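As structure tokens, the structure follows; a few thoughts come after it.
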Amino acid sequence: MKNITKKISAFAIAAALAVSTAGCTIGSGKWSYKTKVSEISAGSWIYRTYESYQEALSKIQEANEGNSDFDIQLIDITKEKIEDKNAVDWIFDDAKDKCLSLLNIEALAKSNDVVIDETQIQTTGDMYIQYYYSGSEEATAFYEKLGVSKESFAECNTRYNYIYQDLFKKLYGKDGKKEVSDEDVKKYYKENYISYYYIPYSLKTTDEDNNIVDIDGETKEKAIANFNKYRNMINNDKKTTDDIEEAYKTDFEVESVPSSKNTVLTKNFDEDENISDELRKAIKDNKEKQATVTTIDDKLYLIYRDSISELSEKIKYSDDAGEDETDYISKDNIIYTMKKEEYDKFLDEQKKDLKYETNDAAIKKYSIERTIKIAKEG
């Protein structure tokens with residue numbers, strides 16, 4: 001496989017994954033799949049076959065990780081298997097599924113009276129067209145050889161995502177058929193989120209020979225004294241973390257504070273590789289609205305947890321927030337987290353019953369084998 005495939009792969013996947021996994025060109029005379037509501041152009045079908053081909057290569061690469069004799073550039077993908085399927089069949093099924101996902105969500109949007117912001121989709125599409133031509137001339141020429149126009153490229157990376165969000169909001173948002181109550185949102189937030197803040201201070205440094213050594217006693221005593229002061233500012237004086245930040249800048253004569261502040265799903269917090277197990281435990285053991293000072297792995301920490309119950313009172317729809325209101329918590333985002341899995345299952349179930357037509361001539365003309373051949377040629 002020539003180097004062009006690797007270059008195009010990065011170019012295509014970066015764009016494709018940035019927004020969505022399905023899309024199409026609407027209204028084209030040369031279609032591949034269609035319903036009474038919309039159709040998938042031949043160019044978009046081709047794009048999906050190439051995208052699925054790249055995903056197939058990634059899966060085969062992952063399956064052979066650790067095999068020193070394996071070379072992805074030397075394989076005959078037509079003889080490979082993915083998920084117990086011949087790779088060509090897997091690519092076909094995956095590309096078709098992407099196309100049907102768009103047809104399905106277009107149909108659901110229409111049946112649920114979703115007003116699609118075509119202007120916004122067009123604006124974002126124009127951005128992708130610029131991206132299409134800002135890539136290497138080699139990449140652009142490759143897509144043209146495949147038969148993917150800049151319009152197909154743009155819409156394949158924008159349309160599905162916009163409709164996905166608009167339909168979700170129509171179903172689960174304010175006054176939607178599946179609207180989530182304030183009580184349920186707050187309950188979910190309290191049970192599934194954690195809010196934390198910490199400042200680390202290293203008790204190690206490097207000497208003139210670049211060896212890692214303990215900081216000197218005076219520096220260590222000053223750091224401990226300051227951190228104890230910050231703890232008392234929060235616990236006794238009811239100061240905020242913003243107050244702590246200002247005090248830290250003055251005490252340590254710095255312009256910025258190496259702090260971390262976040263409110264996230266507890267599940268994500270538990271899986272955060274940037275937080276050590278010891279620090280994670282210290283944060284979770286810390287009582288809400290209380291600050292503590294502790295030492296973990298040669299670092300001094302000030303740790304604080306905010307009250308999730310108090311934060312839940314700031315939850316509201318973005319549309320209900322005032323122009324100058326910046327500290328509210330988006331109810332839209334929490335509902336999306338709550339209901340995304342349910343929503344995706346709903347889409348999959350509806351897709352099973354989707355009635356569509358197939359243009360066999362276009363599918364046969366722009367086959368998976370054709371895409372693989374062009375990709376290998378570069």
Given the candidates Val254, Tyr317, Ala225, the one whose Cα lies deepest towards the positive end of the charge dipole of the stretch 206-343, counting +1 at each Lys or Arg C-beta and -1 at each Asp or Glu C-beta, is Tyr317
Residue span Ser330 to Lys365: 0.36 nm per residue of separation minus Cα-Cα distance leaves a gain in nm of 7.8 nm
Kirkwood Rh for the stretch 66-201 from C-alpha pairs, in Å, is 19.6 Å
From DSSP H assignment alone, runs of 4+ in the chain each adding -39500 (n - 2.57), the sum over residues rounded to the nearest 500 puts [θ] at 222 nm at -17500 deg cm²/dmol
Relative contact order as a percentage, the chain, C-alpha pairs under 8 Å and 6+ apart, gives 23 percent
The percentage of Cα-Cα pairs in the stretch 194-329 separated by more than 25 Å is 36 percent
Taking every alpha carbon pair in the chain and sorting the distances into 20 angstrom bins from 0 up to the bin holding the longest one, the percent per bin comes out as 22, 40, 33, 6, 0
Over all Cα pairs of the stretch 127-200, the Kirkwood radius sets Rh, and Rg/Rh then becomes 1.29
Across the stretch 334-374, qualifying lysine pairs (alpha carbons under 28 Å, at least 8 places apart or different chains) come out at 15
Hits in the stretch 149-179: amide N under 14 Å from the 7 Å Cα→Cβ extension of Val37, namely 160-171
Sorted largest first, the Cα spans of the stretch 105-150 on the principal axes come out in Å as 43, 20, 9
Pairs over 23 Å Cα to Cα, from Lys249/Lys299; Lys239/Lys261; Lys36/Lys85, come to Lys36/Lys85
Computed ³J(HN,Hα) along the stretch 240-255: with the Karplus parameters 6.51/-1.76/1.60, θ = phi - 60°, integer Hz and x for glycine or proline, the list is 9, 5, 5, 5, 5, 4, 5, 5, 4, 4, 6, 5, 9, 6, 10, 8
For the stretch 281-378, the Debye formula with one identical point scatterer on each Cα and no solvent gives log10 I(q)/I(0) at q = 0.10, 0.19, 0.22 Å⁻¹ as -0.69, -1.07, -1.10
Stretched fully, the stretch from Asn67 through Leu203 gains (0.36 nm per residue minus C-alpha distance, one decimal, in nm) 44.7 nm
Taking protein heavy atoms only, a 1.4 Å probe, and rounding to whole percent, the accessible area of the chain owed to carbon and sulfur comes out at 44 percent
If the chain between Val257 and Ser136 were fully extended at 0.36 nm per residue, the gain over the current Cα-Cα distance would be 39.5 nm
In nm, the gap between the two label points placed 7 Å beyond Cα toward Cβ at Lys239 and Lys267 is 3.8 nm
Once both label points are put 7 Å beyond Cα along the C-beta direction, the Lys287-Lys178 separation in nm becomes 4.1 nm
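The values are calculated or read from the model by the stated rules, or taken from the named source; none is laboratory data. Given the structure is predicted, the values throughout are model-derived calculations rather than measurements. Counting neighbours? That spans all protein chains shown, and the Cβs are built from the backbone with ideal geometry, glycine included. Just the protein is used for accessible areas: all its heavy atoms, side chains included, with ligands, DNA and RNA removed. Shrake-Rupley method; radii C 1.70, N 1.55, O 1.52, S 1.80 Å.
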